[in-house]
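Asker: I have a structure I would like to understand better, so I am pasting it below and will then ask my questions one at a time.
A short reminder: the numbers here are calculations on the coordinates, not readings from a lab. Not measured: the values here are computed from a predicted model. Using ideal geometry, Cβ is built from the backbone for each residue, glycine included, and neighbour counts are taken over all protein chains shown.
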Amino acid sequence: MKNILFVMLLIAAFITGCTDCKKQEQTTPTETTISVDSLTENFISYWNNKDTSALSHVFAPDAVVLLNNGNFVGQDTIFNYWTKEQIIKTQNLKTNKALSETSCKIGYYAGNLKLDFVSDGKVLDTGEITFSLIWKNLNDNTWKIQLLHLATIGDKQQKENNKPDNKTKNK
């Protein structure tokens with residue numbers, strides 16, 4: 001239910017962004033639409049290269065990271081208490097895009113990601129996570145992450161139970 005509500009929120013935000021773009025196209029042609037795919041690829045590259053300098057600037061000042069076990073609000077909080085903590089515990093982040101779209105004001109990118117959890121250079125486990133990114137074009141025409149939503153897929157037994165051949169068919 002939460003995922004359906006979240007997707008509806010994404011669609012509403014995008015429609016609103018499109019309406020604003022059409023109005024602005026008539027008055028200010030300086031706003032540009034950028035590829036949200038390339039923004040996301042850059043973010044993943046920064047993460048995998050452990051480029052904390054680049055990552056410190058990728059979130060909007062009022063950004064939010066939503067997690068299963070808590071939230072982080074604000075660019076400094078996200079960087080100091082989430083990014084710096086998690087970047088040393090992970091490697092080999094790879095995404096599988098489900099959908100993406102961009103307007104002149106907002107873009108979204110959603111899908112699944114896989115990553116390795118590490119300690120002392122050794123891989124302890126591999127995780128799968130669903131995620132959504134909302135990118136926002138700020139007033140200075142720079143694109144920043146406004147929202148990052150991460151949700152764990154679940155344990156191996158839960159994944160096994162959710163395979164299509166294990167589900168009961170509707171009659």
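Asker: For K136, K122, what ranking results if the residue with the fewest other Cβ atoms within 10 Å of its Cβ goes first?
Answerer: K122, K136
Asker: Using the structure shown, list the pairs from K97/K122; K89/K136; K94/K136; K50/K122 with a Cα-Cα distance above 25 Å, or answer none.
Answerer: K97/K122; K89/K136
Asker: While we're looking at this one, here's another question. Report the calculated FRET efficiency for N80 and N139 (r = Cβ-Cβ distance, R0 = 22 Å), to the nearest 0.05. Don't skip to the end; give the middle numbers.
Answerer: On the way: r = 25 Å, r/R0 = 1.12.
Computed FRET efficiency for N80 and N139 comes out at 0.35.
Asker: Now a separate question. Residue by residue through region 69-84, which ³J(HN,Hα) values in whole Hz follow from phi under the Karplus form 6.51 cos²θ - 1.76 cosθ + 1.60 (θ = phi - 60°), with glycine and proline marked x?
Answerer: Once rounded to whole Hz, the list reads 10, x, 10, 10, 10, x, 3, 5, 4, 4, 5, 6, 10, 10, 4, 4.
Asker: Amide H of T90: which non-local residues (sequence gap of 5 or more, or other chain) have their own amide H closer than 5 Å, using H built in the peptide plane?
Answerer: V118
Asker: Mind sorting S103, S38, S53 by how few other Cβ atoms lie within 10 Å of their own Cβ, fewest first? Mind dumping the intermediate values first?
Answerer: Details: S103 21, S38 11, S53 7.
Ranked by crowding around the Cβ, least crowded first: S53, S38, S103.
Asker: Can you sort L67, L124 so the residue with the fewest Cβ neighbours within 10 Å comes first?
Answerer: Starting with the residue having the fewest Cβ neighbours, the order is L124, L67.
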